[in-house]
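Here's the structure we're looking at; comments come further down.
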Amino acid sequence: MSAITKKRDWPTVLAAAWLIGLTILAFTADYLPFIRGYAESSPEGIGFSKGPFTSFLLGSDQLGRDVFARCIYGAQISLRIALFSIIIGTVVGGTLGMVAGFFGKASDRAISAFTDVMLAFPPIVIAILVTGRFDALRKNSEAFSWLSRTWSITFVLSILAIAPLARIVRAQTLSISQREFVLAARSLGARNGRVLVREILPNLVPAMVSVIFTGVAVLLIAEGGLAFLGYSIELPTPTWGRLIAENRNFIREAWWGTIMPCVMLFATVLSFNVLGDRIARRFDIREAAL
């Protein structure tokens, strides 16, 4: 008898390992002795004096700072913004989508019109306009002094995430609300709130987890794009987009200053997409089995 062995899904394993390792490094960087400070210059020489795999793992930048350390701290900022944004977008957009899909009629028309309007505007233009407006409010009013660039970018990306998430949840809710268990609960006199929370919401979770992983990947690219255009976190805090932008003019002399942040951003976005796709395929198989 020949044993039947299941092939290990190596892309999923590698994607999960990358994200776990990067997250641990990013959020414990202050306590790890082998990671320099992101603003610390090398005493061994300023400028691009150190290439990759020397005393600096990924080389040094134009001011003699450790590119690896700056990439890790950049990951901390980028992941924090993307995760907070997707959480806010999921809560608000998911709630709107459930209300639109479950109640229909006027609420569905109003929410669908809102999502259509939001999706009609170019996201990068909205992000730049709103971020610039928040900067003006912070400078001109003490009441908005707490509104740092980190919070303004998080808020902007949250707004951009609401409309697509609301549309996805609405479509899922329309499908689930016609299932037998939902119709049975309503025929037994269950209130709308109970049906939404106890019957529909648990069945939305698998699909939403997949959307969240993909959404984080999109928001990481959006944050990197804003940073590349100059709408980034206040100096000297690094982000991947800023690292790419500030070193791109020196790519011929010291390619590592630009390529390494690009590679880390690419690998992170790819990993989120791989995991999101894997969860979506697993969810589709379960749906087919029903």
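The values are calculated or read from the model by the stated rules, or taken from the named source; none is laboratory data. Bear in mind that the values here come from a model prediction, so they are computed numbers and not experimental data. As a convention, Cβ positions derive from the backbone with ideal geometry for all residues, glycine included, and neighbour counts pool all protein chains shown. Each accessible area value is taken on the protein alone, full model and side chains, heavy atoms only, with ligands, DNA and RNA left out. Shrake-Rupley method; radii C 1.70, N 1.55, O 1.52, S 1.80 Å.
Of the trypsin sites (Lys or Arg not before Pro) found in the stretch 173-205, those that fall in a DSSP loop while having at most 11 other beta-carbon atoms within 10 Å are Arg191.
Can you match Cα extents along the principal axes in Å to one of these, (i) 76, 75, 32; (ii) 55, 42, 35; (iii) 84, 40, 35, based on a calculation from the structure here? Correct label, based on the coordinates given: (i). For the chain, a crude dipole built from +1 on the beta carbon of Lys and Arg and -1 on the beta carbon of Asp and Glu, taken about the Cα centre, is about 860 debye to the nearest 20. When the residues Leu226, Leu275 are ordered by accessible surface, computed with a 1.4 Å probe over the protein chains alone, the sequence from largest down reads Leu275, Leu226. Full extension of the chain segment joining Leu229 with Asp30 gains 68.8 nm, where the gain is 0.36 nm per residue of separation less the Cα-Cα distance.
In a reduced charge model with +1 at each Lys and Arg Cβ and -1 at each Asp and Glu Cβ, the stretch 155-224 shows a dipole moment near 320 debye about its Cα centre. Projecting the Cα atoms of Leu96, Trp18, Ser271 onto the charge dipole of the chain (Cβ charges, centred on the Cα centre) puts Leu96 farthest toward the positive pole. In this rough spin-label picture, where each label sits 7 Å from Cα along the Cβ direction, the Trp151-Phe114 distance is 2.3 nm. With the simple spin-label model, which puts each label point 7 Å out from Cα in the Cβ direction, the Leu201 to Leu270 separation comes to 3.8 nm.
Of the listed peptides 250-262, 113-125, what is their order by residue-averaged count of other C-beta atoms within 10 Å, with the highest listed first?
Result, highest mean Cβ count within 10 Å first: 250-262, 113-125.
For the stretch 129-237, chymotrypsin sites (Phe, Trp or Tyr not before Pro) are listed when DSSP marks them as loop and at most 13 other Cβ atoms sit within 10 Å of their Cβ; the list is Trp146.
Projecting label points 7 angstrom from Cα along Cα→Cβ for Ser187 and Asp277 puts them 4.2 nm apart. Long hydrophobic helices in the chain, taken as whole DSSP H segments with a C-alpha length of 27 Å or more on their own axis and mean Kyte-Doolittle hydropathy at least -1.0: 67-103, 149-176, 201-228, 256-289. Between Val91, Val218, Val197, where does the largest GNM mean-square fluctuation fall for the chain, given springs only between Cα atoms within less than 10 Å? Looking only at Val91, Val218, Val197, the largest GNM fluctuation is found for Val197.
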